[in-house]
Every structure is written in C-alpha cells, then in structure tokens.
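*Asks:* Before I ask anything, let me first share the structure, which is written out below as structure tokens.
The values are calculated or read from the model by the stated rules, or taken from the named source; none is laboratory data. In this text, all values refer to a predicted model and were calculated from it rather than measured experimentally. Every residue, glycine as well, gets a Cβ built from its backbone with ideal geometry; the counts of neighbours run over all protein chains shown.
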Amino acid sequence: MTPATRRRMPGLRASTMLLIGIFLILLTAALRLGAGLLLPIAIAALFTLLLDPPVRALRKLGLSTALGAALVVFGTLGVLVTGVTLLAGPAAEWVETAPKTLTQVQTKLRRMLRPLRETAQRVDQATQSVTPGAPPTVQIKAPGLLQRLSGSTTTIAATVLTVMFLTYFLLATLPVFRKKLADLIGTRAGARSVEEVLAEIEVQMSRYMLLNTLTSVGVGLATWGFLAVVGLPNSLLWGVTACLLNFIPYAGALVTTALVGVAALVSFDSTGTVLLLMGGCVVINLLEGNLVTPHLMGKHLPLNPVAIFLSLLYWGWVWGPAGTLLAVPITVMLQVIFSRIERLKPLAVLLDS
C-alpha cells in the first residue's frame with residue numbers, strides 16, 4: 001500500500017460515515033412524515049408474518065391460500081371484536097367518569113401530600129416576594145378527554161380497516177410474492193438466501209410473539225386475580241389492560257401500575273390498600289421480567305437489553321405508542337437481515353444478545 005493510498009483511506013471512511021449519517025437522518029424524517037402511510041403497512045406486515053403459519057397449515061389441508069387467509073384474518077378479527085365487546089361496558093363507564101375520577105384522585109393526592117404542598121407554597125411565596133409585579137399568565141383550556149377520543153375515532157377505524165384488508169391481501173399473495181422476488185433476483189443462490197432470511201425472520205417473529213403473548217396473558221391473569229382478591233372494582237378490565245401493556249417492554253409495567261394506583265385511589269380511602277395494590281403490580285411485573293421471561297425466551301430472542309431499550313426510544317419517538325409496540329419486532333427483523341449481509345454483520349453483533 002502506497003503512502004498516497006494510506007492518506008486516502010481515512011478520508012474514504014469519513015465520507016462513508018457521513019453518507020450513512022445523512023441517510024439515517026433522511027430516513028428518520030421520512031418515517032416521521034410518512035407515518036400515516038407507513039405505520040399501517042408495518043403493522044400489516046407484522047400480522048402477515050405472524051398469521052402466515054396457520055394459513056400454510058390450512059393450505060396443507062387442501063384449502064386455497066385466499067380462503068385460508070380469509071378464515072385466519074377474519075377469525076382473528078372476530079375473536080378481538082368479541083373481547084372488545086365484553087370489555088366495552090366497563091371501559092366506557094370508566095372513560096365517562098374520567099373527569100370525576102381525576103378530581104377525586106387529585107383531592108386524595110392533595111390530602112396525602114399535604115406536607116409537601118405546604119412546603120411548595122412557602123417556596124412559591126418566597127419566589128413571588130422576590131419578583132413582584134409579575135405579569136399574569138393566561139391558560140388555554142385543552143380539549144376534554146371525550147372530545148379528543150371522538151376526534152380520533154374516524155382515524156382509528158380507517159387504520160384498522162386498512163391493516164385488516166392489507167393483511168389479508170399480503171397473506172393471500174405471499175407465495176406468489178416470494179416466487180416473484182426469487183425470479184427478480186435471478187440466481188438460485190440469491191433466491192435461496194432471500195428465502196432463508198424470510199424463513200428466519202418468520203421463525204424469530206413467531207417465537208417472540210408467542211412467548212410474549214404467553215407471558216402477557218400470565219401477567220394479565222395474575223393481575224386480575226390479585227386485584228379481585230383485594231377487591232378492586234373492574235379487576236377484569238385492569239387485568240386485560242395489564243396484559244396488553246405488557247407487550248411494551250419496561251414502559252408497560254409502569255403505566256399499568258400507575259393506572260391501578262389511580263383506580264385504587266378512587267375506590268379506597270386507605271393509603272395502605274392503595275400501596276398494597278400498586279406494590280402487588282410491581283411484584284408481578286418484577287417476577288415476570290426477571291424470572292419468567294428470561295427463562296422462557298433464553299436464547300430465543302436475539303437482542304440485548306440495551307438494543308431493546310434504544311429501539312423503544314427511537315420507534316416510540318418516530319411513531320408514538322404504536323412504534324413502541326413495533327419496536328422489538330422491527331429490531332428482530334433488522335438483526336436477522338444484518339446477520340445475513342457481510343458488511344452489516346458488525347451491526348448484528350451489536351444488537352445480538
């Protein structure tokens with residue numbers, strides 16, 4: 001290697017890193033700006049990977065791909081609608097009484113935190129005495145909870161319909177799409193490599209979602225049973241909420257504990273009972289996160305905790321709450337793809353557990 005070549009190497013590496021940085025910035029901007037279009041596609045792609053195994057099983061029994069996809073998609077939708085219908089009454093009642101509930105919670109919290117509030121008032125009075133004549137502040141009342149929910153109902157319904165039909169079409173045409181992708185590559189080796197990547201992604205995703213579903217259902221049942229024993233009203237609703245939120249690593253447990261704490265403050269006057277309910281939720285999630293999930297998943301999830309946490313931050317910032325649900329599945333897919341590309345294997349090693 002000549003001295004001139006050695007001098008050019010750092011410049012090439014710096015330029016490559018600069019191009020990668022620019023690409024990532026532009027990609028992030030595109031993901032944020034195109035969330036309305038890309039998010040339903042990402043959700044439908046995830047459901048396609050999860051529902052493809054039962055569709056293939058039905059195809060082996062003699063059903064056509066289109067019919068099997070219809071049975072799986074609309075059967076799954078029927079189960080979800082049934083569950084939502086059973087919980088619609090308690091959920092609607094809770095939402096309707098939300099303003100009154102928040103007022104009661106605020107009153108009880110003020111009583112519990114009275115010493116801290118008095119200290120804060122003294123500090124505030126001292127501050128006002130230092131800066132007299134401060135201009136008055138104007139507060140703009142935000143829209144109410146029901147108004148915000150009503151405004152987003154149409155958007156949610158449109159997204160659900162888009163995801164449902166897009167999932168069906170993807171499942172019905174997935175074998176044809178794989179064949180066309182193989183024909184597009186041209187070589188048998190390339191087509192076999194793509195098929196292996198898709199198969200590995202499907203296996204990893206199905207395994208992760210199955211184990212995550214089992215642990216989430218366990219958390220939901222344990223939460224429901226514990227809250228019912230203590231006597232918290234609508235314990236089934238909070239158990240289902242704990243199950244759904246458990247799909248979001250780390251943050252789901254915190255939100256569940258906070259919601260149970262709010263419900264407990266409204267239902268009980270005893271501070272000890274409130275702390276007992278919140279502490280029980282914390283214990284359930286600690287047992288699940290530190291004993292059950294590591295034992296079940298073990299080496300099955302090819303991600304380390306740092307990668308999962310950073311993925312939650314990134315996709316939550318890009319796509320909001322839906323991004324936090326998709327963060328781990330998307331990162332699993334990226335890890336599988338990176339591990340198959342020679343130049344990207346260092347990134348796969350960083351993500352690997």
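*Asks:* Given (1) within 30 Å of Ala30 (Cβ to Cβ); (2) surrounded by 13 or more Cβ atoms within 10 Å (Cβ to Cβ), identify the lone condition not met by Leu287.
*Replies:* Unmet condition: (1).
*Asks:* Of (1) within 25 Å of Gly323 (Cβ to Cβ); (2) assigned to a helix (DSSP H, G or I), Met278 satisfies all except one. Which?
*Replies:* Of the numbered conditions (1) within 25 Å of Gly323 (Cβ to Cβ); (2) assigned to a helix (DSSP H, G or I), the odd one out for Met278 is (1).
*Asks:* While we're here: Please give the number of the condition Val274 fails out of (1) in contact (Cβ under 8 Å) with a residue 24 or more places away in the chain; (2) of a type outside the set (Lys, Arg); (3) within 20 Å of Gly231 (Cβ to Cβ).
*Replies:* For Val274, the exception is condition (1).
*Asks:* Also: In the range 57-73, is there at least one residue being of a type in the set (D, E, K, R) and in contact with a helix residue (DSSP H, G or I) (Cβ under 9 Å, 6 or more places away or on another chain)?
*Replies:* yes
*Asks:* Would you mind finding the one in Thr324, Thr241 that is modelled with pLDDT of 85 or more and in a helix (DSSP H, G or I)?
*Replies:* Numbers: Thr324 fails: modelled with pLDDT of 85 or more.
From the options Thr324, Thr241, the qualifying one is Thr241.
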